[in-house]
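The values are calculated or read from the model by the stated rules, or taken from the named source; none is laboratory data. From a predicted model like this one, the values you see are computed outputs, not experimental measurements. Note that we place each Cβ from the backbone using ideal geometry, even for glycine, and neighbour counts take in every protein chain shown.
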Amino acid sequence: MNFDLLVYNIGQLILPRFTGNALKGEEMKQLAVRESAAFGVNDGKVAWIGSSTEAEGYNAKLKLDAEGKVVSPGLVDPHTHLVFGGSREHELALKQEGVPYLEILARGGGILSTVEATKNAALQDLVEKASFHLERMVSHGVTTMEAKSGYGLERETELKQLSVIHKLNEKYPISVVSTFLGPHAIPPAYKGKENEFLLEMLDVLEEIKEKKLADFADIFCETGVFTIDQSRVFLQKAKEKGFGLKIHADEIDPLGGAELASSLGAASADHLVAASDEGIRMLSESDTVAVLLPGTTFYLGKDQYARARKMIDEGAAVALATDFNPGSCVTENLQFIMSLAALKLKMTTEEIWNAVTVNAACAIGRGKEAGTLDVGRQADFVIWDVPNYKYIPYHYGVNHAKRVFVSGEMIWERIPFGEFQLSGAR
């Protein structure tokens, strides 16, 4: 056989299964790992998978020695707030002092400060800022991600954020799935007039659909934001317009967001720290993926994490994401989230790998394109500088990625220390 690219001498090749839907319950515990493996790529797609011994007899335009390292599909981050203006590092000291969030908000901080900064930022400035964060995510092994709007809370800025996401897809070879999160918070001018605000956001959805700027619609269903009834109306109308559904649900209080997501056939329900037993049961009986965000719980200093163990044991599909945003989870490192999942969510290493690959892809409607390596699938993969696949959740807080590939082309490589010179070095 002849290939464009032949990757051989792979110590462990991680091969999550995709059977049409996200893996659920016991399925998440199973992870195919092939040792002494190799695979070939033609026209950007996996053309063959086998052993390194078999690969010795094959030809390729480019042969790549994996040096006994671990190779996995590109990671998928299914929940990020990638596009925003400004930053909020000054709030950290206030949080340490115990200043309540509502007081930070009253002082001009919180989400409304990000909304103001995003509104005032030029589109190209937002592209450059989002590019910086996107490239950092790629450097940590992510080849597919979701990005939300939601820092506009009005037509013009929401469309500007979605336009930035569109430009990122033009600029980079990775896939950035776009989600409209206009109902992310209640603007001060609409306090007591939330239904009027939601009608305006539904009008924006019409324009988004015409311009093909988003695949999904999302809403923040939580105490002090939007109710279950308001969320149901918004999501039902978004579904009628042809959007996939996502929901920020049950982060603080068990309002029934998981139940709503399941009943509407949403692609995912996200956060779920306070999801009820009934909500978990309904998730297990649906195809809705529970997207858990332990980095947010960690950053906010909360003690209660989402009940991943109960969700998986009862048969639900679980994915993991960074929730990268400027206020409650300021990290682009999905590998760190994998460690938190092991330490705080009590997930097994096999469950974690499935949660950041195949299940994460299903949570953003990309199960057929991303999250697995199989013959005929796009050759998005990562070579990891680790001795085995269990090592990444174990050794936390650093970047283990060595090389990142999209469609068989290397898009990022860690530069060896000896190949550059420190400033002032002799």
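Here are some notes:
- Check on Tyr172, at pLDDT 95 or above, closer than 30 Å to Gly408 by Cβ and aromatic (Phe, Trp, Tyr): yes
- In segment 146-187, residue farthest from the chain's Cα centre (by Cα) [restricted to those that are of a type in the set (S, T, N, Q) and assigned to a helix (DSSP H, G or I)]: Thr157
- Scanning segment 27-59 for residues that are within 30 Å of Ala316 (Cβ to Cβ), surrounded by fewer than 16 Cβ atoms within 10 Å (Cβ to Cβ) and without any contact (Cβ under 8 Å) to a residue 60 or more places away in the chain turns up just one, Ala32.
- If the condition is being assigned to a strand (DSSP E or B) and under 21 Å from Gly367 (Cα atoms), then segment 11-38 contributes Leu13, Ile14, Leu15, Ala32, Val33.
- Out of Val46, Val71, Val7, sole residue that is assigned to a strand (DSSP E or B), under 29 Å from the mean Cα position of the chain (by Cα), of a type in the set (Val, Ile, Thr) and farther than 27 Å from Ala147 by Cβ: Val7
- When Val99 is tested against (1) in the same structural domain as Gly182 (by the TED database); (2) surrounded by fewer than 22 Cβ atoms within 10 Å (Cβ to Cβ); (3) among the aliphatic types (A, V, I, L, M); (4) modelled with pLDDT of 95 or more, exactly one condition is not met: (4).
- Residue within segment 175-191 that is β-branched (Val, Ile, Thr), farther than 28 Å from Gly371 by Cα, loosely packed, with under 14 Cβ neighbours inside 10 Å and in the same structural domain as Ile111 (by the TED database) present: no
- Residue that is among the polar types (S, T, N, Q), within 30 Å of Glu413 (Cα to Cα) and surrounded by fewer than 18 Cβ atoms within 10 Å (Cβ to Cβ), where the choices are Gln161, Gln124: Gln124
- Helices (runs of 4 or more DSSP H) wholly inside segment 291-404 that include at least 3 residues being modelled with pLDDT of 95 or more and surrounded by 21 or more Cβ atoms within 10 Å (Cβ to Cβ): 294-299, 308-313, 334-343, 349-355, 358-363
- The condition of being within 17 Å of Thr80 (Cα to Cα), of a type in the set (D, E, K, R) and surrounded by fewer than 20 Cβ atoms within 10 Å (Cβ to Cβ) holds for only one of Asp229, Asp270, Asp215, Asp203, that being Asp215.
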